[in-house]
Every structure is written in structure tokens, then in C-alpha cells.
Amino acid sequence: MTRAVGIDVVDLDRFKTVVERWGDRLLEKILTPAEIKHCRGKAAALPSMAVRFAAKEAFIKCLNPTQYRLFTWQSVQVVNAETGKPSLKLQGPLADCLAPVRVLVSLSHSDRSAVAVVIFDSQD
């Protein structure tokens, strides 16, 4: 049973402008060190960073007020399986709160935008 759906679209030109203005300070706030390392290892680093930001924004849209209070940018990490399939790794109190919920994510990006969809699915 689907409990919540969140979607977010990031304009890559706007994201690039913000990253150029704030640099590593911004990236270190919104991405985990592992995410930054992963993205910087790719030819298309900026879209990879933007789609991870979109995933976290979509994730936030699924949270209820109690869960939202537990959210930090570092408590959610986009990880990829060897096949490239993305998933969200939750950490800290937020992970404990959402333990009974299956969190699904789909990511995509083009040369203009990055999009993420997050679904909270009950496991019962």
C-alpha cells in the first residue's frame, strides 16, 4: 500500500549557478561525503549532484510533520547497486522512525534537468 509519493525536478542551469556561488559549502550541506566523492568521479558530476538533491527534496515531500523534524540532509544518502540501480540509505533517528516503511526511488536527468520520485510503501 502506497503511503506517500514525492517528486522533485531541478533545473540544471539554476543548480549550477547556486553551486558556483556557494561551492563546497553548499555541497557539504546537502550531500554526504560519499555522495560528493561518487559524483565527482563521474564525467557528468553536476547532473549527478542535482539528481541526488532532487531525491532528497522528493523524500522530504513524503514525510509527515513528526518525521520531518528528524530529517537532516546527511540522514538520507543516495547509493547505487553495482547495476546502477539507486536506493536511499537512511541513517540516525529518521532510519529508526521509518524502519517499517519501504522507501523506493527513481532518478533521471537530461542536459537540462534532474528529476526524482520517491515512494513510501507499507510493508504490510
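The values are calculated or read from the model by the stated rules, or taken from the named source; none is laboratory data. From a predicted model like this one, the values you see are computed outputs, not experimental measurements. As a convention, Cβ positions derive from the backbone with ideal geometry for all residues, glycine included, and neighbour counts pool all protein chains shown.
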Worksheet item: Only one residue in Ala43, Ala34, Ala55, Ala50 is of a type in the set (Gly, Ala, Ser) and at pLDDT below 95, so which one is that?
Response: Ala43
Worksheet item: Could you list, in sequence order, the residues of the range 1-49 that are out of contact with any strand residue (DSSP E or B) (no Cβ under 6 Å at 6 or more places or on another chain) and in a loop (DSSP other than H, G, I, E, B)?
Response: Leu31, Gly41, Lys42, Ala43, Ala44
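Residues are listed down the side, and each one gets a yes or a no for (1) assigned to a loop (DSSP other than H, G, I, E, B); (2) hydroxyl-bearing (Ser, Thr, Tyr):
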{"position": "Val78", "(1), (2)": "no, no"}
{"position": "Thr83", "(1), (2)": "yes, yes"}
{"position": "Ser87", "(1), (2)": "no, yes"}
{"position": "Leu107", "(1), (2)": "no, no"}
Fill in: Hey, Glu28 of a type in the set (Asp, Glu), at pLDDT below 95, surrounded by fewer than 19 Cβ atoms within 10 Å (Cβ to Cβ) and more than 20 Å from Arg3 (Cβ to Cβ) or not
no
Item to complete: Please enumerate the residues belonging to the range 1-37 that are over 22 Å from Ser110 (Cβ atoms), out of contact with any helix residue (DSSP H, G or I) (no Cβ under 7 Å at 6 or more places or on another chain) and among the hydroxyl-bearing types (Ser, Thr, Tyr).
Response: Thr2
Worksheet item: Out of all the residues in the range 64-73, is one or more free of Cβ contacts under 8 Å to residues at least 40 places away in the same chain, within 22 Å of Phe120 (Cβ to Cβ) and in a strand (DSSP E or B)?
Response: no
Worksheet item: From the set of residues in the range 90-107 that are exposed (fewer than 14 other Cβ atoms within 10 Å of the Cβ) and either touching a residue at least 40 places away in the same chain (Cβ under 8 Å) or touching a strand residue (DSSP E or B) at 6+ places or on another chain (Cβ under 8 Å) (or both), which is nearest to Ile7 (Cα to Cα)?
Response: Arg102
Worksheet item: Taking the condition part of a loop (DSSP other than H, G, I, E, B) and of a type in the set (A, V, I, L, M), does Ala58 pass?
Response: no
